[in-house]
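Chemist: Submitted below is the structure of interest, expressed as structure tokens.
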Amino acid sequence: MHDTVITSKEKNYRSTVDWRMKVLVLFGTRPEAIKLAPVIHELRKKFFQTVVVSSSQHKHLLTPFLASLEIDVDFDLGVMKRNQSPSDVCSRVMSKLDKILALEKPDLILVQGDTTTTLAGALAGFYRKIPVGHVEAGLRSGNLMSPYPEEMNRRVVSQIASFHFAATEKNRRNLLAEDVPSEKIFVTGNPVVDAMKHMLKNLDVSPEIAELIKKTEGKKRLLLTTHRRESFGSTMTTNLKVLRDFVDKRPNVCLFFPVHPNPNVKGIAKEILGKRERIYLLDPLDYSDFLAIMRSAWLIVSDSGGVQEEAPSLGKPLLVMRENTERPEAIRSGVSKLIGNSPGSLKQMLEENYSVETWIKSVKEVANPFGDGRSAARIVRVIEEKLAAKDRAAKADQGKLF
Ligand code: UDP
């Protein structure tokens with residue numbers, strides 16, 4: 001594995017003889033790490049041997065997170081490059097991961113969500129005939145081009161996975177509609193709620209963010225995140241200009257924007273929103289700081305998937321800056337509204353909800369439709385049962401997971 005960096009020493013647990021089966025957990029982006037961290041901790045609690053692999057698909061966003069999530073990476077595939085294409089990422093993750101699979105021979109590969117790392121991990125597992133567990137299975141927008149390439153990624157992963165950990169009943173129904181066998185689907189909730197609850201209990205806000213929140217006391221704080229590939233270019237330009245003009249005209253409104261490091265976002269954010277009064281362009285925030293800002297927001301505008309899952313627990317109104325969503329549960333809970341793809345709708349929704357705050361004020365903390373904070377325990381219970389069954393079957397020389 002000459003081109004793979006081993007970032008942590010062999011851990012003591014690796015040599016402990018009574019550790020149970022081995023689960024390789026793969027992630028490459030910030031949301032995957034947030035959502036898989038509770039599962040990794042639960043696996044260890046239940047005495048599984050874990051092999052944690054990062055593709056570093058989004059290295060700069062991911063690395064600062066790992067310490068606060070208390071996750072050590074065993075293998076870093078280091079695939080991050082500027083302006084890389086999904087094909088580039090997919091092929092490099094597959095070939096580098098394959099060597100680790102050959103070396104580690106895990107009993108299960110766990111992937112999360114719909115990134116290209118997720119797809120590559122599932123495919124690499126399939127080629128080595130290693131069963132794959134898919135966390136956050138069954139999300140569907142119904143449009144292969146939005147989110148792009150995520151909608152295709154997750155559909156293909158559903159063809160490969162042996163265990164589908166769906167967050168909601170709706171996600172389970174989506175999988176059944178694609179002929180995924182019901183006995184392979186487990187409605188567990190989404191571990192993002194576990195991660196968020198844990199983080200909120202131990203919120204460690206940096207002095208800079210605490211100061212910013214203090215400084216903007218009494219203002220209506222808008223929180224913006226945007227990074228989706230399908231919004232790059234004219235859609236993003238239009239949306240940022242709408243937000244700039246909205247803030248410009250209203251002295252009691254301010255905007256916080258932790259800017260995604262993707263050059264397609266960074267450049268345009270600086271150009272349109274840079275050096276403006278009451279507009280704060282921030283570096284990507286660690287999870288504690290981001291949750292603190294979310295909690296202090298008057299309104300959130302975002303195209304993020306994770307933010308749609310978090311908003312219900314915080315009772316924060318969210319305008320989903322996308323033409324569709326695979327998370328209609330948040331809309332049904334009354335917490336979020338979809339902007340859609342008509343050109344003037346962001347402006348209109350911002351103005352309407354500023355002049356009549358009925359919806360904004362009505363949004364309260366609700367039972368989170370995506371999970372109750374115990375998803376990791378459910379996922380690991382299923383893994384325990386299935387791997388024990390596989391072990392028994394193997395001993396009886398008739399093991400089959402595919
Ligand atoms: N997030 C964060 N810091 C930030 C922006 C987002 O910790 O500066 C968290 C957010 O709470 C959510 C996740 O990152 O859990 C969302 O990541 P992102 O929007 O990159 O991906 P998506 O959820 O759209 O896949």
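The values are calculated or read from the model by the stated rules, or taken from the named source; none is laboratory data. Given the structure is predicted, the values throughout are model-derived calculations rather than measurements. Note that each Cβ is placed from the backbone with ideal geometry, even for glycine, and that neighbours are counted across all protein chains shown.
Chemist: Pick from 186, 232, 163: which is under 28 Å from residue 348 (Cα atoms) and aromatic (Phe, Trp, Tyr)?
Modeler: 232
Chemist: Determine whether residue 309 is within 14 Å of the ligand (Cβ to nearest atom) and touching a Ser or Thr at 6+ places or on another chain (Cβ under 6 Å).
Modeler: So residue 309 fails the test.
Chemist: Restricting attention to region 332-355, report how many residues are away from the ligand (no atom under 16 Å from the Cβ), in contact (Cβ under 8 Å) with a residue 24 or more places away in the chain and not in a loop (DSSP other than H, G, I, E, B).
Modeler: The number of residues fulfilling the criteria is 8.
Chemist: Here's something else I'd like to know. On the given criteria, is residue 304 within 11 Å of the ligand (Cβ to nearest atom) and in contact (Cβ under 8 Å) with a residue 12 or more places away in the chain?
Modeler: Considered against the rule, which asks whether it is within 11 Å of the ligand (Cβ to nearest atom) and in contact (Cβ under 8 Å) with a residue 12 or more places away in the chain, residue 304 comes out as yes.
Chemist: Among the residues of region 316-331, what is the count of those that are away from the ligand (no atom under 12 Å from the Cβ) and at pLDDT below 95?
Modeler: Of the residues in that region, 2 qualify.
Chemist: Being touching a residue at least 24 places away in the same chain (Cβ under 8 Å), over 18 Å from residue 157 (Cβ atoms) and surrounded by 24 or more Cβ atoms within 10 Å (Cβ to Cβ) narrows it down to one of 43, 61, 24, 97, so name that one.
Modeler: Within the list 43, 61, 24, 97, the selection yields 43.
Chemist: Quickly run through region 342-380 and pick out the residues that are among the aromatic types (Phe, Trp, Tyr) and under 28 Å from the mean Cα position of the chain (by Cα).
Modeler: Passing the criteria: 359, 370.
Chemist: Output the number of the condition that residue 238 fails; it satisfies all remaining conditions of (1) in contact with a helix residue (DSSP H, G or I) (Cβ under 7 Å, 6 or more places away or on another chain); (2) in contact (Cβ under 8 Å) with a residue 40 or more places away in the chain.
Modeler: (1)
Chemist: State yes or no: is residue 221 away from the ligand (no atom under 16 Å from the Cβ) and either touching a strand residue (DSSP E or B) at 6+ places or on another chain (Cβ under 7 Å) or modelled with pLDDT of 95 or more (or both)?
Modeler: Considered against the rule, which asks whether it is away from the ligand (no atom under 16 Å from the Cβ) and either touching a strand residue (DSSP E or B) at 6+ places or on another chain (Cβ under 7 Å) or modelled with pLDDT of 95 or more (or both), residue 221 comes out as no.
Chemist: For region 217-232: of the residues being in contact (Cβ under 8 Å) with a residue 40 or more places away in the chain and over 19 Å from the mean Cα position of the chain (by Cα), which is farthest from residue 246 (Cα to Cα)?
Modeler: The residue in question is 219.
Chemist: Continuing with this model, one more query. Quick check on residue 127: is it surrounded by fewer than 19 Cβ atoms within 10 Å (Cβ to Cβ), within 14 Å of residue 86 (Cα to Cα) and either in contact with a Ser or Thr (Cβ under 7 Å, 6 or more places away or on another chain) or touching a residue at least 24 places away in the same chain (Cβ under 8 Å) (or both)?
Modeler: The answer is no for residue 127.
Chemist: Evaluate the following for residue 233: is it of a type outside the set (Ser, Thr, Tyr), more than 14 Å from the ligand (Cβ to nearest atom), at pLDDT below 95 and surrounded by fewer than 16 Cβ atoms within 10 Å (Cβ to Cβ)?
Modeler: So residue 233 fits the description; yes.
Chemist: I'd like to verify a number: residues in region 17-47 that are more than 22 Å from residue 193 (Cβ to Cβ) and either in contact with a strand residue (DSSP E or B) (Cβ under 9 Å, 6 or more places away or on another chain) or within 16 Å of the ligand (Cβ to nearest atom) (or both), how many?
Modeler: Residues meeting the conditions: 5.
Chemist: I'd like the full set of residues that are at pLDDT below 95, in contact with a strand residue (DSSP E or B) (Cβ under 8 Å, 6 or more places away or on another chain) and more than 8 Å from the ligand (Cβ to nearest atom), limited to region 240-294.
Modeler: Answer for region 240-294, where residues must be at pLDDT below 95, in contact with a strand residue (DSSP E or B) (Cβ under 8 Å, 6 or more places away or on another chain) and more than 8 Å from the ligand (Cβ to nearest atom): there is none.
Chemist: Let me ask something else. So the check is Cβ under 7 Å with 6+ separation or different chains; which pairs have a first residue in region 181-202 that's more than 17 Å from residue 65 (Cβ to Cβ) and a second one that's within 12 Å of the ligand (Cβ to nearest atom) and hydroxyl-bearing (Ser, Thr, Tyr)?
Modeler: What qualifies is 193/313.
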